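Comments concern the structure below.
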Amino acid sequence: MERPAWAPRSIDISVPSVSRIYDFFLGGSHNFEVDRQAARRALEFMPGLPKIMQANRAFTRRAVRYAAAEGITQFLDIGSGIPTYGNVHEVAQEASPGARVVYVDHDPVAVAHSQAVLEGNQHADVVAADLLKPREILASPQVQRLIDFERPVALLLVAILHFVEDEDDPYAAVAELRDACAPGSMLILTHASYEGIPLPPERAEGAVDVYKDIRNPLIMRSREDIARFFEGYDMVEPGLVPMPRWRPETSPEDEDPFAFSGFAGVGTTA
């Protein structure tokens, strides 16, 4: 397999990547055939996966604009993935010129492309780090340079927590990040769930098994378990809801049924 010029030498291009599969579902070009093959296998079971990803990005843009309207000018996006049009720094800096954004991801391709996209942007940067090591994220030079934890921060955990198994205690990592942020900070979160998927559970499980096969298990938590990530936060109306129902800009009834798979929410600290 020929290595594209944009692919870092350090990555194994024969192994599928969650962030590159996500990029493929969004219509991006920074993915390999091995990623596309895994994505197509998942689509055989759940053909609406691209609609879910699109709804996820649309929610993120609305939530970032909401945070900016509430006066937040700092954004920490963990599990940010490969940059696409309308990414967090573009939305935040359009809504609030000078807004500061730090992306965090452990995928070398996502980090390399973020670096290229952000070149020359003094108010945005990227960190190669893992959600499960909050102290490394918080102590990184990029975060130290751009994020002032004495002021409110919008913490984005979008489509990332469902790739963390319970045995790795994602709740502890989220709580540690929450405690590092000043009062008035926000948590912007989306999470996959069997609830809302317009398919029989056994059919949806086929797509979940594809992620298990590539050693990135997809943990489909219940709404109740997802709500636990918001402990210590006050939920912003309308609460934890399917993505198209969170402060929609167009009629949710016009959305594809798959867009209602999983949950999204925003919380604030007192």
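In this structure the amide hydrogen of PHE75, modeled in the peptide plane, comes within under 5 Å of the amide hydrogens of ARG100, VAL101, VAL102, ALA154, none closer than 5 places in sequence on its chain.
Compute the signed sum of charges (Lys and Arg +1, Asp and Glu -1) over the other residues within less than 11 Å, Cβ to Cβ, of LEU187. Don't skip to the end; give the middle numbers.
On the way: positive: ARG178; negative: GLU231, ASP234.
Combined, the nearby Lys, Arg, Asp and Glu give -1.
Once you have the alpha carbon radius of gyration of segment 71-144, what is it after dividing by 2.2 N^0.38 Å, with N set to its residue count?
1.02
Heavy atoms only, probe 1.4 Å: what % of the accessible area of segment 94-222 goes to carbon and sulfur, would you let me know? Present the calculation step by step, with values, prior to reporting the outcome.
Details: 2760 of 5860 Å².
Percent of accessible area from carbon and sulfur atoms in segment 94-222: 47.
If you take the Cα atoms of segment 3-104, find Rg, then find the Kirkwood Rh from the mean of 1/r over all pairs, what is Rg/Rh? Intermediate results must be reported in sequence, preceding the final value.
Working: Rg = 15.6 Å, Rh = 15.0 Å.
Looking at segment 3-104, the ratio lands at 1.04.
I need to check one value: relative contact order of the chain, counting alpha carbon pairs closer than 8 Å and at least 6 residues apart, in percent. Display every interim value, and only then the final one.
Values: 492 pairs, mean separation 52.0, N = 270.
Worked out over the chain, it gives 19 percent.
Roll a 1.4 Å probe over the protein chains and send me the accessible area per residue for the chain in Å². Could the numbers behind the result be given before it?
Numbers: 12160 Å² over 270 residues.
Spelled out: the 1.4 Å probe surface of the chain, per residue, equals 45 Å².
The helix-based estimate of mean residue ellipticity at 222 nm for the chain, built from -39,500 (n - 2.57) per DSSP H run of four or more residues and divided by its residue count, is -11000 deg cm²/dmol to the nearest 500.
Calculated over segment 95-207, the projected area of the Cα convex hull averaged across directions stands at 9.2 nm².
I'd like to verify something in the chain: which complete DSSP H helices, judged by Cα projection on the helix axis, reach 24 Å or more and average at least -1.0 on the Kyte-Doolittle scale? Working shown, then result.
Numbers: long enough: 49-69 (30 Å, -0.21).
Helices meeting the criterion: 49-69.
Shown here are the Rg and Dmax of the Cα trace of segment 128-270, at 16.3, 48 Å.
Checking the a/c ratio against 1.5 first, then a/b against b/c, what shape does the Cα gyration tensor give for segment 86-125? Present the calculation step by step, with values, prior to reporting the outcome.
Numbers: a/c = 2.33, a/b = 1.93, b/c = 1.21.
Here segment 86-125 falls in the prolate category.
Given Cα pairs under 8 Å that are at least 6 residues apart, what percent is the relative contact order of segment 133-202? It rounds to 42 percent for segment 133-202. When the P(r) of the chain is calculated, the portion above 28 Å amounts to 31% of the C-alpha pairs.
Got the relative contact order for segment 1-139 handy, in percent, Cα pairs under 8 Å and 6 or more residues apart?
Numbers: 176 pairs, mean separation 27.2, N = 139.
Relative contact order, segment 1-139: 20 percent.
The values are calculated or read from the model by the stated rules, or taken from the named source; none is laboratory data. This is a predicted model, so every value here is computed, not measured. Here Cβ is always computed from backbone atoms with ideal geometry, including for glycine, and neighbour counts include all displayed protein chains. Keep in mind that these areas ignore ligands, DNA and RNA; they rest on the heavy atoms of the full protein, side chains included. Shrake-Rupley method; radii C 1.70, N 1.55, O 1.52, S 1.80 Å.
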